[in-house]
Amino acid sequence: MSLKLGGYLFTGPFPIDGTEVRANQGPALYAIIGKGGPAWAPNFRVIDIGDSPEHGILFVEHPNRARWSAKSGESLAVYLFYARRSEYSAPDRERMVEELRRQYDPPNGCIQ
């Protein structure tokens, strides 16, 4: 399943504790998402949005990991948008993250 955030198609869900973006995969934007509600009509809450550093990222060791918490009835997962270096510079990725944060207001932003 994928989620569209701000016009970008993020793939996932991937488990937070088992997901890594390696340096050789290239940079990625990530969204930490809480999924709740019934299976036939789920709701999605944006908990955090960021981009991976050039050396990669192991989400279980992310500095914000302790703040990523599910509300009652939610499950947490990470969704990724791979932003190829050939298409997106580091300043482009930073701008994209800031735009997404303004649009979704983590940790309480809802995806419509």
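Read-outs throughout are calculated quantities, based only on the coordinates presented, and are distinct from any laboratory measurement. None of these values were measured; they are calculated from a predicted model. A quick note on method: Cβ atoms are made from the backbone with ideal geometry, for glycine too, and the neighbour counts reach across all protein chains shown.
Relative to the dominant Cα principal axis of the chain, helix 90-104 is inclined by about 20°.
Considering just Cα atoms, how many Å³ per residue does the convex hull of region 2-111 enclose?
On the way: hull volume 10.6 nm³, N = 110.
Cα-based convex hull of region 2-111, divided per residue, equals 96 Å³.
The distance linking region 28-64 with region 77-104 is 13 Å (Cα centroid to Cα centroid, whole angstrom). Sites listed here are GluC sites (Glu not before Pro) in region 23-99 whose DSSP assignment is loop and whose Cβ has at most 12 other Cβ atoms within 10 Å: 54, 87.
Among 88, 30, 79, the largest mean-square fluctuation in a Gaussian network model of the chain (Cα springs under 10 Å) belongs to 88.
Quote the charge dipole size of the chain about the Cα centre in Debye, to the nearest 20; the model charges only the Cβ of Lys and Arg (+1) and of Asp and Glu (-1). Can you show the working numbers first?
Details: 13 positive and 13 negative charges, 46 e Å.
Rounded to the nearest 20 debye, it is 220 debye.
Tell me, which longest segment in the chain has none of the trypsin sites (Lys or Arg not before Pro) that fall in DSSP loops with at most 13 further Cβ atoms within 10 Å? Walk me through the numbers on the way to the answer.
Working: sites that count: 71, 84, 85.
Here the longest segment lacking exposed loop sites spans 1-70.
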